[in-house]
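So the structure is just underneath, and the comments pick up after that.
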Amino acid sequence: MIRDYVLLSLSSLRSRRMRSWLTMIGIVIGMSAVVSLISLGQGMQDSINDQFQRLGTNRLIIAPGGEFLGPGTADIVAPIMDDSDVDVIRNVKGITQVQGALSKTLKVEFKDEIQFDSIFAFETDSDAVDFVESVGLFDIAEGRELKSGDKYKAVLGYNVANEAFDDPIEVGRKILLDDIEFEVVGVQKLIGTGIHDGVIRIPQDTLRELTDEPRKLSMIFALTQPDLNPVNVKAIVERELRKHRDVKEGEEDFNVQTAEQTIGQLNTVLLAVQVVLVGIAAISLLVGGIGVMNTMYTSVLERTKEIGIMKSIGARNSHVLTLFLLESGMLGLVGGLMGLGLGLGVAKLGEYLAIGLGASFFRMHISTLLIVGTLMFSFVLGMFSGAFPARQAARLPPVEALRSIK
Amino acid sequence: MKKKAVISLRKVWKIYKMGSATVNALRGVTLDVWQGEFVAIIGPSGSGKSTLMNLVGALDKPSRGHIFLDGKDISLMEESDLAQIRGQKIGFIFQQFNLLPALSATGNVGLPMIFQGIPEAKRVERATELLNSVNLGERLNHKPNELSGGQQQRVAIARALANEPEMLLADEPTGNLDSKTGGEIMSMLEDLHTKKGRTIVLVTHDIHLVKHAERVIYLKDGQIEKVVKNHKRGHKHA
Ligand SMILES: Nc1ncnc2c1ncn2[C@@H]1O[C@H](COP(=O)(O)OP(=O)(O)OP(=O)(O)O)[C@@H](O)[C@H]1O
Ligand SMILES: [Mg+2]
């Protein structure tokens, strides 16, 4: 039976085609904004999780002071870790590898163009090189990795080599770091994160010499034994570091994170950003809903006589209510369907543009939940917006409705 | 044969309040419409004909008095029950045809059946049959604005018959038609009465139309002034 009412509503919408389309625009815009933001956000989350999955979960990151957000940001807090911390961690049972990294922002000069970039420095012994290669975020595209014996040599992130300066910097060219000449021996692959693509890596000893900080470290990376729970190893590392640095529990001036914690934090940040963006987009949905309401009110006024006629031939209030609710629901549903298409198109375009700009992690994600959810939500939004007008229509007294001129 | 009343009005008043003024549109009308009869209600403009018609058609409730349909008092009923009664027992024919503009002739005739939950195949079959019977077999898919006034009124007649109602109520059915087309509509109603035995209540202010009726009720200032039996017609029917 509901089919009959759906067809009736459709014929009524079709007879007011222009207005129906105009009404739907609001829903289309709102829905497409929400859909594209969600699909891009989900995609981004997926690829982050993916990346971490590939790296493995048996990693600890130890940073001084506040919480670790990513390489290069440790500069913000005063770096108060050094080689002695590395030694302490190395002696913890369950730790298989420890690498300290130093990070600094230096003046970078190429062909008289000056910039300030973040310099990242690992050691260059074979263990350290293996470690750097295993991370997967510093893979070499051209040239070679730093090796032991290198002094004034540098590896450039993809963007530093290709985007940052007017001219691309090729392998073999010279750049100046704090006025000292370095030879570029390698260029990294495009990773897709600004941090890794915008980095310059030089040997740790060289950076220590340049900055006159012989022992200092910005952060420490450690690998745990694969058969152990990293959380347990982390607890031991924390205990040993507290002892070594002479701080009480709860007052640590350092921070140990497992890979899972890091990913969890990133996801939380991402989710927060998404919630805000989708929230803003939802405002346009609200406006779209008000548009539907307005159209339905107008429709009730215009069709008062029709409502009277239907009642005179046996339509109950519930029938009229159903008809009007279906009509507004359908405005929402069709608007949502078009918004879904448009939104996925916009997301695809965003993905395409982002990848063009080097952010390869920007992938849209299409889930059935998103599609089904969008359609259901837009139908319900339409019905909800039409609820008051529909109720008004249903309650019109038949005689008065029939007497109406329209 | 004992006469059965389709609808009975007992001392029915309809009072409209407009601010401080009140209009007594009907003042104690008592009336029975008998099964199978053709009754006309005639009176000058403002005499309360349409008001009476709305009450007989269960579109409205009386301010005072009682209206019995199948022995049940409709003033005690809910709107949804009244809607059910209108859908099943009453077929309206209006002066302005009152078809739904978005629907075809078949769609309009099928609409009362939708509200009774009749499946589509059966609706289409019955609508086609009814439209054929009012000579609109060639216009099944035409929208109201693609039909002449007379044709629209014939669609309305077909629609009124959709659910096999106990009574047809026609309020000035020829009021918007020229005299020739109006005549065709009237003879169609008369045929429905004489050949199909339908109960018909006709409201008009046109004295020429009442010749079709068996009983003529003269309404004035909301009261029945006189009732005249049309013996010629009554005889023919008997
Ligand atoms: N909804 C209403 N509110 C107030 N007064 C009304 C209403 N409906 C009808 N009336 C009044 O009741 C009286 C009877 O009206 P009704 O429409 O029944 O007359 P009628 O006999 O059908 O006239 P006509 O031949 O012009 O159609 C009129 O005085 C009219 O003004
Ligand atoms: Mg009238």
When you count, for each residue, the other Cβ atoms within 10 Å and take the mean per peptide, how do B:9-19, A:7-17, B:153-163, B:24-34 rank with the highest first? B:153-163, B:24-34, A:7-17, B:9-19
Once you sort the root eigenvalues of the Cα gyration tensor of the range B:6-77 as a ≥ b ≥ c, which label holds: rounded (a/c under 1.5), prolate (a/b larger than b/c) or oblate (the other case)? oblate
Which of A:Lys311/B:Lys3; B:Lys14/B:Lys220; B:Lys11/B:Lys211; B:Lys14/B:Lys229; B:Lys4/B:Lys220 have a Cα-Cα distance over 21 Å? A:Lys311/B:Lys3; B:Lys11/B:Lys211; B:Lys14/B:Lys229; B:Lys4/B:Lys220
Net charge, A:Val129 excluded, C-beta distance under 12 Å - Lys, Arg +1, Asp, Glu -1: -4
Determine the shielding of peptide B:19-27 by partner chains: average, over its residues, the number of Cβ atoms on other chains within 10 angstrom of each Cβ. 0
Once you place label points 7 Å from the Cα toward the Cβ at A:Glu209 and A:Ala141, how far apart are they in nm? 3.0 nm
Name the residues of the range B:103-123 whose accessible area, probed at 1.4 Å, falls by at least 50 Å² once all protein chains are in place instead of their chain on its own? B:Ile114, B:Phe115
Can you give me the solvent accessible area of A:Glu123 with a 1.4 Å probe, rounded to the nearest 10 Å²? 80 Å²
What helices does chain A hold that run 27 Å or longer along their axis, going by alpha-carbon atoms, with a Kyte-Doolittle average of 0.0 or more, using DSSP H for the helix calls? A:17-55, A:259-302, A:317-356, A:368-394
To the nearest 500 deg cm²/dmol, what mean residue ellipticity at 222 nm is calculated for chain B from DSSP H runs of n ≥ 4 alone, each contributing -39,500 (n - 2.57), summed and divided by the residues? -10000 deg cm²/dmol
Using the charge dipole of the protein assembly as shown (Lys, Arg: +1 at Cβ; Asp, Glu: -1 at Cβ; taken about the Cα centre), state which of B:Ile85, B:Ser148, B:Ser187 has its Cα farthest towards the positive end. B:Ser187
Cβ-Cβ FRET estimate between B:Arg27 and A:Ser367, R0 fixed at 56 Å, reported to 0.05: 0.20
In the range B:153-186, which residues become less accessible by 10 Å² or more once every protein chain is in place, relative to the chain on its own, using a 1.4 Å probe? B:Arg159
Find the accessible area per residue for the range A:81-252; the probe is 1.4 Å, ligands and nucleic acids are left out, and the unit is Å². 47 Å²
Sorted by average packing, counted as other Cβ atoms within 10 angstrom per residue and highest first, what order do B:53-63, A:156-166, A:370-380 take? B:53-63, A:156-166, A:370-380
Partner chain coverage, peptide A:8-15 - average Cβ within 10 angstrom: 3
Over both sides of the A-B contact, add up the buried accessible area with a 1.4 Å probe and give it to the nearest 100 Å². 2200 Å²
What do you get for the angle between helix B:120-133 and the principal long axis of chain B? Use alpha-carbon atoms, 0 to 90 degrees, nearest ten. 80 degrees
What aspartates and glutamates sit close enough to B:Lys17 to cross-link, taking a C-alpha to C-alpha distance under 17 Å and skipping anything fewer than 8 places away on the same chain? A:Glu400, B:Asp60, B:Asp221
With a 1.4 Å probe and every protein chain left in place, work out the accessible area per residue of chain B in Å², rounded to a whole number. 46 Å²
Report, ordered by chain and residue number, the aspartates and glutamates lying within cross-link reach of B:Lys195, taken as a straight Cα distance under 17 Å and ignoring same-chain residues fewer than 8 apart. B:Glu37, B:Glu129, B:Glu164, B:Glu166, B:Glu184, B:Glu214
Rounded to whole Å, give me the distance from the Cα center of the range A:189-212 to that of the range B:72-133. 81 Å
Using a 1.4 angstrom probe and counting only protein chains, how large is the accessible area of A:Asp139 in Å², to 10? 50 Å²
Accessible-area ranking of A:Lys311, B:Lys4, largest first, probe 1.4 Å: B:Lys4, A:Lys311
At 1.4 Å probe size, with no ligands or nucleic acids counted, give the accessible surface of A:Lys243 in Å², nearest ten. 140 Å²
Cβ under 9 Å from A:Glu113's Cβ, A:Glu113 left aside: what net charge do those residues give with Lys, Arg +1 and Asp, Glu -1? -3
Sorting A:Arg173, A:Arg208 on solvent-accessible surface, 1.4 Å probe, most exposed first, gives A:Arg173, A:Arg208
Run the helix sum for chain A: -39,500 (n - 2.57) per DSSP H stretch of 4+ residues, divided by residue count, reported at 222 nm to the nearest 500 deg cm²/dmol. -19000 deg cm²/dmol
With unit charges on the beta carbon (Lys/Arg positive, Asp/Glu negative), name the residue among A:Val184, A:Val155, A:Leu241 whose Cα is farthest towards the positive pole of the charge dipole of the range A:153-266. A:Leu241
Looking at chain A as a GNM with Cα springs under 10 Å, which of A:Glu327, A:Glu181, A:Glu113 has the largest mean-square fluctuation? A:Glu113
Heavy-atom accessible surface of chain A: percent carbon and sulfur, 1.4 Å: 60 percent
How far is helix B:179-194 tilted, in degrees, relative to the longest principal axis of the Cα atoms in chain B, given as a value from 0 to 90 rounded to the nearest 10? 80 degrees
Can you sort B:Ser104, B:Ser45 by 1.4 Å-probe accessible area, starting with the largest? B:Ser45, B:Ser104
Expected output is a single nm value to one decimal: the length gained when fully extending between A:Ala272 and A:Arg391, i.e. 0.36 nm times separation in residues minus the C-alpha distance. What is it? 39.0 nm
For the protein assembly as shown: span of alpha carbons on each principal axis (Å, largest first): 129, 52, 48
On the accessible surface of chain B, probed at 1.4 Å with all protein chains in place, carbon and sulfur together account for a percent value of 51 percent
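The values are calculated or read from the model by the stated rules, or taken from the named source; none is laboratory data. On a predicted model such as this, the values are computed, not experimentally measured, just so you know. Ideal geometry is used to build each Cβ from the backbone, glycine not excepted, and the neighbour counts take in all protein chains shown. SASA here: full protein model, heavy atoms, side chains in, ligands and nucleic acids out. Shrake-Rupley method; radii C 1.70, N 1.55, O 1.52, S 1.80 Å.
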